[in-house]
Amino acid sequence: MTSKERVIAAINHQLTDRVPLDGYFRQDVWSMLEVHFGTKDADAIMDELGLDIRYSMMEPSFSFAEKAVPSPWQIPEIGVGRNNLVIQMDNGWLEDEYGICRVPNDAGMYWHYSHHPLAKAGIEEINAYELPDPTLPERYEPVTADVAKWGDEYFTVAELWNLFKSCWELRGFEQYMMDLGSEPQIVETLADRFLEHRIEQSKQLLKCGIDMIVIMGDIAMQNTMMISPAMWRQYFKPRLKTWIEEVRRERDVYFMFHSDGNMEAICEDLIEIGFDIINPIQPESMDVEEIKSRYGDRACLHGTISLQKTLPFGSVDDVADEVRHRVSVIAKGGGLILSPSNTIQPDAPLENILALYDTARSLPVED
């Protein structure tokens, strides 16, 4: 099977020659793989690992890019686009295209928010706030080029932040959590603005030929959701349903929902409104076999490999054993895309990363 055929078959719960593979890597981890494989050719490294999915990315507007520079910090998502572009401010803040500012943490591995542009805004200011134009062709030309390069052989994906994360990044997390309880008009106004924005971005991505849109952004913590399931159903479920339906009117496309933590309370809802894949099924937070038993015949599971325990702290044999278990139990009959349950961190030994992918490629999937 080609990688694209393998992924589509797994999503549709059909038998595959092997389990489809995916993975997310910090740049410092990726650099380690470059040294190991003796190449900086990203496609060659992905082929060596057996990765079946290719991720494309929208770029910022030309007007933003002219003012911006690549982030001086190798921190994921601190900036915009492939080059992690940011506007460097005199006070050290790094501003993205939405006006959100961040600063690196003390270790320089991640970042803190330093400014939320709508933190003190009322309804009029929220309605007047100018979101980046989602129709500019320069945003999507690289995506079209990626699909042309990968589209026949590989399954192509683009990611967009969900409404919850998009809104709280503009308001600030604490302020937005208070909004959810006491300012429904602000919550609905901002959510509707972002819904329109994300639908247009999604439609543009469809024109590029993307196979799947990932709606991402955490709504859960290690053991429970960040907000009550009832509140999520009130504000976000109907808008996610609209998002999926409006985009699929243009062309059929796969959708994946991503959130770390224990989001089992809304898994049924996600399937109901049209998500094909749920990610990452974090094994420290949810019982992988239980999730497979309850939902695995209606949704494809993505992830499932422990990034808090096995991959960083287990032995090579531990990693191989976990992979064998996932393939024999969770991938049986299709419905699994195997991957670490989040971005691989520098504490994961190289030999464990290689063991994950080498083991998975060697195993047949049972019907």
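Details
- The HN-Hα couplings worked out from phi for segment 330-346 by the Karplus form 6.51 cos²θ - 1.76 cosθ + 1.60 (θ = phi - 60°) are 7, 7, 4, x, x, x, 9, 10, 7, 6, x, 7, 5, 5, 5, 9, x Hz, whole numbers, x standing for Gly and Pro.
- Taking a ≥ b ≥ c as the square roots of the eigenvalues of the Cα gyration tensor, segment 226-281 is classed as oblate, since a/c reaches at least 1.5 and a/b does not exceed b/c.
- Ranking of GLU200, GLU130 by count of other Cβ atoms within 10 Å, fewest first: GLU130, GLU200
- Most mobile listed residue (ASN127, ASN162, ASN91) in the chain, GNM with C-alpha springs under 10 Å: ASN91
- Electrostatic tally near GLN222: other residues with Cβ closer than 11 Å to its Cβ, Lys and Arg +1, Asp and Glu -1, net -3.
- Degrees between helix 350-362 axis and first principal axis of the chain (Cα, 0 to 90, nearest 10): 60
- Crossing angle, helix 141-150 versus the chain [Cα axis fit, 0-90 degrees, rounded to tens]: 10
- Net charge of the neighbourhood of LEU180, taken over other residues with C-beta under 12 Å away and scored Lys/Arg +1, Asp/Glu -1, is -3.
- Cα centroid separation - segment 289-356 against segment 44-68, whole Å: 25
- Helix 237-250 axis versus longest C-alpha principal axis of the chain: approximately 80°, rounded to the nearest ten.
- The amide H of PHE25, built 1.01 Å from its N in the peptide plane, has ILE344 as neighbours under 5 Å, considering only residues 5 or more places off or on other chains.
- Taking amide hydrogens as placed 1.01 Å from N in the peptide plane, the amide H of ILE305 sits under 5 Å from those of SER339, SER341, each at least 5 positions away in sequence or on another chain.
- Set of lysines with alpha-carbon distance to LYS40 below 27 Å, sequence-local pairs under 8 removed: LYS4, LYS149
- Each Lys or Arg adds one and each Asp or Glu takes one away; over the other residues whose Cβ falls under 12 Å from the Cβ of SER259, this sums to -2.
- Between SER182 and GLU250, the FRET efficiency from the beta-carbon distance, with R0 = 41 Å, is close to 0.65.
- Estimated FRET transfer efficiency (TYR129, GLU289; beta-carbon r; R0 41 Å; 0.05): 0.35
- Dmax and Rg, reported as Rg then Dmax, of segment 61-119 (C-alpha, Å): 10.7, 32
Any read-out appearing in this document is the output of simple, stated calculations on the displayed coordinates, not a laboratory observation. Quantities reported herein were computed from a predicted structural model and do not represent experimental measurements. All Cβ positions, even for glycine, are placed from backbone atoms using ideal geometry, and neighbour counts span all protein chains on display.
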